[in-house]
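A quick write-up on the structure given underneath.
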Amino acid sequence: MTSAVPSARVDGARFDAGGVAQAAADFREPVHVIRERAGGRLGVAWGGLPTGVDLLASLPPLYPEWLGGRGFCAAHGIRFPYVAGEMANGIATPRLVAAMARAEMLAFYGAAGLSFDTVERGLVEIEGALGRGNAAWGANLIHSPAEPELEQRVAELFVRRGVPRVSASAYMQLTPAVVHVACSGVRRDAAGRIHRPRAVFAKLSRPEVARRFLSPAPPALLRGLVERGALTADEAALAAHLPVAEDVTAEADSGGHTDHRPLAVLLPEIARVRDEMAAAHGYERAVRVGAAGGLGTPAAVAAAFALGADYVLTGSVNQAAVESGLSEAGKAMLAAADMADVAVAPAADMFELGITVQVLARGSLFAPRARRLWDLFSRYDALEAIPAGERRRLEDEVLGASLDAVWEETRAFWARRDAGQVERAERDPRHRMALVFRWYLGSASRWAIAGTPARRADYQIWCGPAMGAFNAWAAGSFLAEPHNRGVVQIALNLLEGAAQITRARQLALAGLDVPAEATRFRPRRLC
């Protein structure tokens, strides 16, 4: 695997637009920005300076590896400041995670939405593929207000199996589970420095949530964990000197759970909160801020780094990768998406709270059908309260089965996974209705993953505008074909293109007129 491309440059000077474009493309080569003394023309020069020119600027080599914070790569033992995010329900597969780790980049296993046993099998598969020596990977811990016991069990599993990195997502408040993951095993090394065995990434889109993750864990949560034996007193004492997360990902307009925040507003604000909290608590180690949401082209990635991101995290585009767990039919739908082909729909895991996810609209009726369920849930207190005509339309046009049949399947599912949900549903008709409607929301994702032909119109595919932007950029290139979209190939092309665009911007800042072609990086085979 390599991210380098051969240089076509020859030593000398050029004063034409093609020369400036070549200087942008040859970003790994040092280049001088010069001005003719006689004619005043601006140009570029490689190697030694020609006679009769003044030196305006000298640009050192630029590598994709250097685009983010150098400390990020050093802290995580990787080469590139790039992360493939944790697409839920196992769409971010063990295979995808292993491919990224071998390419010296990070990826998180999409554990959210999976059963406990499936999560554990996925961890075993990753460990088997990479061996214990490769720690460049992690898994997702998602806030599960409807299933706090599962959230805690998964957290305990991550601690027990020594998962090296955990991405915490969808949190509004800290829970015992995420604090357990963040603080378990914390100790002082021989030099007296605080060592933590796993890194916690917090993916968030609100400053108030950032403050919670950028603060030490609340004493009450730490005491509770010590009292039940999940932490030792020494671990809890050391945790008071560390933020819960030392990597915070500012999530802008993404697929799945999203607040649709503009990255140019969100990332600087999260960075400001980071600086404020680091000063207030006197942290000895740097806390890093990454960017996510809307990152589907080299220009978007370059913009994220220009905003000060220490790393970038991609999601929607990796769902189309050959290593993802999405079906071939689902990947074909993503390959046809345009930037505006997205919609919002109720989230299966937080349905009762009114939380939404961003999904693919083109080729699927999932979003309007899911919103119809939310409308019914908002208007009625029980399934039995839904008028007969509306009930028939719901069964025929959305569920594809009778409400009674759906409840029996739902009841059997929760009896295996969490019997308390069934007991509550039998006492509370509204909760029973929520579980039935969540059956459709959860099934729609599984149908997309399995590629169930009969339910293609119901596929729930999490997707942000980045997917359409990626397709427009890749059009006419080898990456236009879904079978060429390897997750590492996507990552290297985005980084390579971002480096070229960054160099073009440097040339512009040095005073050159930069032609449009200098910023047009075409996808190429890089691995």
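Details
- Sole residue being assigned to a loop (DSSP other than H, G, I, E, B), without any contact (Cβ under 8 Å) to a residue 12 or more places away in the chain and either surrounded by fewer than 24 Cβ atoms within 10 Å (Cβ to Cβ) or small (Gly, Ala, Ser) (or both), chosen from 185, 229: 229
- In the range 353-373, the residues that are at negative phi, buried (at least 18 other Cβ atoms within 10 Å of the Cβ), of a type outside the set (S, T, N, Q) and touching a residue at least 40 places away in the same chain (Cβ under 8 Å): 357, 359, 360, 366, 369, 370, 373
- Within the range 459-505, tally of residues that are surrounded by fewer than 22 Cβ atoms within 10 Å (Cβ to Cβ) and touching a Phe, Trp or Tyr at 6+ places or on another chain (Cβ under 6 Å): 1
- Sole exception among (1) free of Cβ contacts under 8 Å to residues at least 60 places away in the same chain; (2) in contact with a Gly (Cβ under 8 Å, 6 or more places away or on another chain); (3) not aliphatic (A, V, I, L, M) for residue 219, by number: (2)
- Within the range 398-421, the set of residues being hydrophobic (A, V, I, L, M, F, W, C), at pLDDT below 95 and either touching a helix residue (DSSP H, G or I) at 6+ places or on another chain (Cβ under 7 Å) or not in a helix (DSSP H, G or I) (or both) comprises 414, 415.
- Matching entry among 330, 290, 296 (being part of a helix (DSSP H, G or I), in contact with a Gly (Cβ under 9 Å, 6 or more places away or on another chain) and surrounded by 21 or more Cβ atoms within 10 Å (Cβ to Cβ)): 330
- Pair list, Cβ < 6 Å and 6+ apart or interchain, from the range 147-167 residues that are over 16 Å from residue 113 (Cα atoms) to residues that are of a type outside the set (S, T, N, Q) and at pLDDT 95 or above: 161/123; 163/139; 164/198; 165/138; 165/199
- Candidates in the range 54-93 are the residues that are hydrophobic (A, V, I, L, M, F, W, C), in contact with a Ser or Thr (Cβ under 9 Å, 6 or more places away or on another chain) and in a strand (DSSP E or B); of these, the one that is surrounded by the most Cβ atoms within 10 Å (Cβ to Cβ) is 83.
The values are calculated or read from the model by the stated rules, or taken from the named source; none is laboratory data. In this text, all values refer to a predicted model and were calculated from it rather than measured experimentally. Neighbour counts run over all protein chains shown; Cβ positions are idealised from the backbone, glycine included.
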